[in-house]
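The values are calculated or read from the model by the stated rules, or taken from the named source; none is laboratory data. Worth saying up front: this structure is predicted, and the values here are computed from it rather than measured. Cβ placement follows ideal geometry from the backbone for every residue including glycine, while neighbour counts extend to all protein chains displayed. Heads up: the accessible areas ignore ligands, DNA and RNA and are worked out on the full protein's heavy atoms, side chains in. Shrake-Rupley method; radii C 1.70, N 1.55, O 1.52, S 1.80 Å.
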Amino acid sequence: MRPETEGQLAELVRDAAAPLSIIGGGTRLWPGEGQGERLDMTGLAGVTLYEPEALTLVVRAGTALEDVRQVLAAEGQMLAFEPWGRQGSTIGGVAAANASGPRRVQAGAARDALIGVRFVNGQGDVVRNGGRVMKNVTGYDLVKLMAGSRGQLGALTEVSLRTAPIPPVAATLALADLDAAAAIPALASALGGPFDVSGAAWLPGHGALIRLEGLAASVKARVADLTARLSVFGTVSEGDPDAWSLLRPAALSHETWRIVCRPGEAATLLAHLPAPSSLDWGGALIHVDLPVDCFPELPPFSGHARRISGAEPLVVPAPDPITARLERDVKSRLDPRGIFAGAA
Amino acid sequence: MIQMPPPDASVLAQRQAIVQALRDALPGAVIDDAAETRAYECDALSAYRCAPLAVVLPSTTEEVSRLMRLCHDLRVPVVPRGAGTSLAGGSMPTEDAVIIGLSRMTEVLEIAPGDRLIRVQAGRTNLSVSGAVDGLGFFYAPDPSSQLACAIGGNIAMNSGGAHCLKYGVTTNNLLGVTLVLMDGSVVELGGPMGEGSGLDLLGVVCGSEGQLGIVTEATLRILPKPAGARPVLIGFDSSETAGACVAAIIRAGIIPVAIEFMDSPCIRATEAHAGAGYPDCGALLIVEVEGTAAEIGEQLTLIRDIATRFDPIEFRESRSEDESRRIWLGRKSAFGAMGQMGDYICLDGTIPVTALPQVLAGIGRLSRDYGLSVANVFHAGDGNMHPLIIYDANKPGDLDRAEAFGADILRLCVQAGGCLTGEHGVGIEKRDLMSEQFAPADMEAQMRVKDAFDPDWLLNPAKVFPLEVSASRRERRLNRPADAA
Ligand SMILES: Cc1cc2nc3c(=O)[nH]c(=O)nc-3n(C[C@H](O)[C@H](O)[C@@H](O)COP(=O)(O)OP(=O)(O)OC[C@H]3O[C@@H](n4cnc5c(N)ncnc54)[C@H](O)[C@@H]3O)c2cc1C
Ligand SMILES: Cc1cc2nc3c(=O)[nH]c(=O)nc-3n(C[C@H](O)[C@H](O)[C@H](O)COP(=O)(O)OP(=O)(O)OC[C@H]3O[C@@H](n4cnc5c(N)ncnc54)[C@H](O)[C@@H]3O)c2cc1C
């Protein structure tokens, strides 16, 4: 099914008798997703409104992420949260996945840039929330609820986003000798000072990576100050500016795990894991490839680990019973018939 | 005039028994004496008042949980309260409601500079959160003007903003987690590292839910390293239109200052009379603040000066010292106080797309003439969050009604321009009945279903946010169901 208008989509959902799987580009489905009949969102495409001087973009959910990038770049702007995607990834998929890249430490996640949504709920009703202005506390913030909801609450038809200017200059610093665990205190030191860091990551073969962006003189001054500060952790050199695009688990192994933790917990977790494929957000995000069904016993930590490839969905630790009950209730109230089965 | 639903007669009839049950549950924390509950009759929307059934001041999450379970079982509505600075009537009680106030819950629970976070009890004031990490070189970014008084729990409930949110975002962008007590007394942790839990973003919908989904007892907040320095410039223009065009040009040039504040001439004149900050007498002025090291500040200000020059500013005043910076901010910070000197006022906070600024300001001017009431504009221009202040005389019969009608028309104008009713103060009771201007029935139905999931009996702050007729069937459902224990 590939509706071309919101009205058609609403009708489809109203008439649906069995679960549907909402698919944008289908470029990053999680285990367990994509089971029902496919509801292809790419028919709902195109920019509705773009006001660069108001930093506002309103776009239909099935629009290709690449198209959005081009429209913004033509005006010297970007999506500050740096979403990742492949040929075909859609902006609706980005919003529904809360897909957020390295700049999250500075500019926030997709959910922070998302200022409005339109979606069709499980009963086929069109719901609007938020709008096109960046400050808005009118009624409940269902925009945040929809961000990252992975198609479980409704099908996004249109999203409004706050855009940002592309910084004129970027510099990458590397501490090439540091392993993942040793990188964490260096990243914390950079993020803990007045350097306006816009990326703090670790990659095998690159070591610790730190990015600074902004006006030319400012970047130059911060590079000098930060280099001095970080020299206690090892040799600071110029890093590969292309490394930032390698931070994603591009080719998923049999089992890729995504772990979110406090940076201060990361070193302990890493001690229980094989070498990670990347660290991001100053150590708060760990990606690691594991053999099938080999997730190790981890000491208690304040975040969670999710298997993002593999046969079955799995989250460790399982959500507490009250959170699980609230999530179930919210889902069943927005989608009483369970039309948007989604992932577990 | 804003209406409230009639109180639940069965609750009022049980008054003594309810107060006694609260006392038994939490000795030494219950206030029901009429002289003492008066302090809780209203918030900063002080034209509307009502004494609550009782006030309880717990000290721990466990105590909040115990009280909530009790009120739940007795079917008594609860109104959460922080510092009572809401401008929307969010924390105003009803006669049949118990206020659970967090003023005793002010502890810092954890500071983790390496993880760039602080965990506090939710009754702690906004400013004292920054105070707790100041010595470590950090600060908490959202800075509502009420920050000396208002509590973090209230900030979370209202998703409050501040002057610096153009760069740092509002509360929701700086909130990593909460401990939430639900109406039935159950306690849940939402959020996590980076503000992310493993499932739906329930934290995101709790933030801004105006105390209707649960009571926040603890909060984990993102803290940021303090910038090396900050410097404001003051730019005066001949008209509001020119000032608005200059804001758009600055943003269009790729510069995002930490703050762009706007004042129109009625506001400038009033604050000059009151605070004597030395502002130029002109059509409108901007205060633009930039941050960083001296070199960074210089670089940004050069660009801003180049842009501003294209708009023939009457004055471009760059601060060269701490004292000059303070003087530039002085008038802006005393603007509300100055308005208070001119008479009683209603402060609105509708947001508009910044591109609609000239058109909306002109519309407000027309309405001001039609209603015969003066209005001053002072607001966060970078994000379009307006703050029209309508001056009226509370002692003049009919003046409040007229001012409210004028305010409602301004908010309609904001919605028509593509904006919204409230950018940071919240809906409360004040804008409750205007919600239908912005939302279709299905939009509000979806929001109310979220409340159904958290508070199925609609006991928590029930008469707020949604127009009374829209929430009536849900609120009245409870009245037809007997209490468990009473
Ligand atoms: C190489 C690669 C690396 C990636 N790495 C990361 C990463 O590190 N971090 C990260 O956060 N993301 C990552 N992603 C995810 C990706 O950026 C987003 O998920 C998004 O771009 C996928 O878009 P899509 O249109 O293909 O979505 P799909 O793969 O089609 O769908 C993704 C999810 O969103 C739902 N969905 C899609 N469209 C809608 C809609 N209109 N309404 C409601 N629900 C919808 C689907 O049901 C599904 O649950 C990566 C993707 C790729 C291809
Ligand atoms: C002079 C002045 C200036 C102001 N400036 C700004 C500004 O710049 N920006 C801005 O955004 N606002 C501003 N405000 C509005 C107000 O200060 C904010 O809304 C503030 O967040 C309210 O906090 P509070 O602790 O006083 O909450 P209260 O007024 O006590 O309560 C506000 C709402 O939150 C709920 N609530 C309170 N605590 C909790 C809790 N722990 N858990 C769940 N719900 C809770 C209440 O039920 C109520 O609905 C200003 C107000 C004044 C009087």
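Scanning region B:330-366 for residues that are surrounded by 18 or more Cβ atoms within 10 Å (Cβ to Cβ), farther than 13 Å from B:Thr271 by Cα and either in contact with a Phe, Trp or Tyr (Cβ under 6 Å, 6 or more places away or on another chain) or of a type in the set (D, E, K, R) (or both) yields B:Asp344, B:Asp349. Determine, yes or no, whether B:Ala88 is away from ligand 1 (no atom under 16 Å from the Cβ), part of a loop (DSSP other than H, G, I, E, B) and under 21 Å from A:Val133 (Cβ atoms). Considered against the rule, which asks whether it is away from ligand 1 (no atom under 16 Å from the Cβ), part of a loop (DSSP other than H, G, I, E, B) and under 21 Å from A:Val133 (Cβ atoms), B:Ala88 comes out as yes.
All of A:Gly131, A:Gly139 fail the test of being farther than 20 Å from A:Pro336 by Cβ, at the interface with chain B (Cβ under 7 Å from one of its Cβ atoms), open to solvent by 20 Å² or more (accessible area, probe 1.4 Å) and modelled with pLDDT of 95 or more, apart from A:Gly131.
Among the candidates B:Glu261, B:Glu291, which residue alone is closer than 30 Å to B:Gly337 by Cβ, open to solvent by less than 30 Å² (accessible area, probe 1.4 Å) and within 16 Å of ligand 2 (Cβ to nearest atom)?
Numbers: B:Glu291 fails: within 16 Å of ligand 2 (Cβ to nearest atom).
One residue alone meets the criteria, B:Glu261.
Go through region A:227-272 and give me each residue that's within 12 Å of chain B (Cβ to nearest Cβ) and not in a strand (DSSP E or B).
Restricting attention to region A:227-272, the residues satisfying the condition of being within 12 Å of chain B (Cβ to nearest Cβ) are A:229, A:258-267, A:269.
Answer for region A:227-272, where residues must be within 12 Å of chain B (Cβ to nearest Cβ) and not in a strand (DSSP E or B): A:Arg229, A:Cys261, A:Arg262, A:Pro263, A:Gly264, A:Glu265, A:Ala266, A:Ala267, A:Leu269.
Using the structure shown, decide if B:Ala141 is hydrophobic (A, V, I, L, M, F, W, C) and surrounded by fewer than 22 Cβ atoms within 10 Å (Cβ to Cβ).
Yes: the conditions hold for B:Ala141.
The helices (runs of 4 or more DSSP H) falling completely within region B:409-486 that include 3 or more residues that are open to solvent by 30 Å² or more (accessible area, probe 1.4 Å) map to B:441-454, B:468-479. The helices (runs of 4 or more DSSP H) falling completely within region A:1-105 that include 1 or more residues that are open to solvent by 50 Å² or more (accessible area, probe 1.4 Å), out of contact with any Leu (no Cβ under 8 Å at 6 or more places or on another chain) and at pLDDT 95 or above map to A:6-15, A:65-73. Scanning region A:207-229 for residues that are within 18 Å of A:Ala182 (Cβ to Cβ) and surrounded by fewer than 21 Cβ atoms within 10 Å (Cβ to Cβ) turns up A:Thr227, A:Arg229.
For A:Val236, state whether it is open to solvent by 60 Å² or more (accessible area, probe 1.4 Å) and either outside the structural domain of A:Gly108 (by TED's automatic domain parsing) or more than 23 Å from A:Gly85 (Cα to Cα) (or both). Write out each step before concluding.
Details: open to solvent by 60 Å² or more (accessible area, probe 1.4 Å): no; either outside the structural domain of A:Gly108 (by TED's automatic domain parsing) or more than 23 Å from A:Gly85 (Cα to Cα) (or both): yes.
So A:Val236 fails the test.
When you scan region B:171-178, do you find a residue that is open to solvent by 10 Å² or more (accessible area, probe 1.4 Å), closer than 30 Å to A:Val316 by Cβ, at the interface with chain A (Cβ under 10 Å from one of its Cβ atoms) and hydrophobic (A, V, I, L, M, F, W, C), even just one? Yes: region B:171-178 contains one or more residues that are open to solvent by 10 Å² or more (accessible area, probe 1.4 Å), closer than 30 Å to A:Val316 by Cβ, at the interface with chain A (Cβ under 10 Å from one of its Cβ atoms) and hydrophobic (A, V, I, L, M, F, W, C). Do you know which of the residues in region A:185-223 that are within 11 Å of another protein chain (Cβ to nearest Cβ) and assigned to a loop (DSSP other than H, G, I, E, B) is nearest to B:Arg116 (Cα to Cα)? The selected residue is A:Gly192.
One residue is enough: does region B:204-218 have a residue meeting the conditions open to solvent by 20 Å² or more (accessible area, probe 1.4 Å), over 22 Å from B:Val465 (Cα atoms) and not in a loop (DSSP other than H, G, I, E, B)? Yes - at least one qualifying residue is present in region B:204-218. Collect the residues in region B:219-258 that are open to solvent by less than 30 Å² (accessible area, probe 1.4 Å), closer than 22 Å to B:Ser145 by Cβ and assigned to a strand (DSSP E or B), keeping them in residue-number order. Selection gives B:Ala219, B:Leu221, B:Leu224, B:Pro232, B:Val233, B:Leu234, B:Ile235.
If the condition is being surrounded by 23 or more Cβ atoms within 10 Å (Cβ to Cβ) and within 19 Å of A:Ser302 (Cα to Cα), then region B:118-132 contributes B:Ile118, B:Val120, B:Gln121.
Looking only at region B:187-207, decide whether some residue is within 12 Å of ligand 2 (Cβ to nearest atom) and farther than 21 Å from B:Val64 by Cβ.
Start the filter on region B:187-207 by keeping residues that are within 12 Å of ligand 2 (Cβ to nearest atom), which leaves B:206-207.
Remaining after also requiring farther than 21 Å from B:Val64 by Cβ: none.
No - not one qualifying residue is present in region B:187-207.
If only residues of region B:27-59 that are within 15 Å of ligand 2 (Cβ to nearest atom) and exposed (fewer than 15 other Cβ atoms within 10 Å of the Cβ) are counted, the one that is nearest to the other protein chains (Cβ to nearest Cβ) is B:Ser46.
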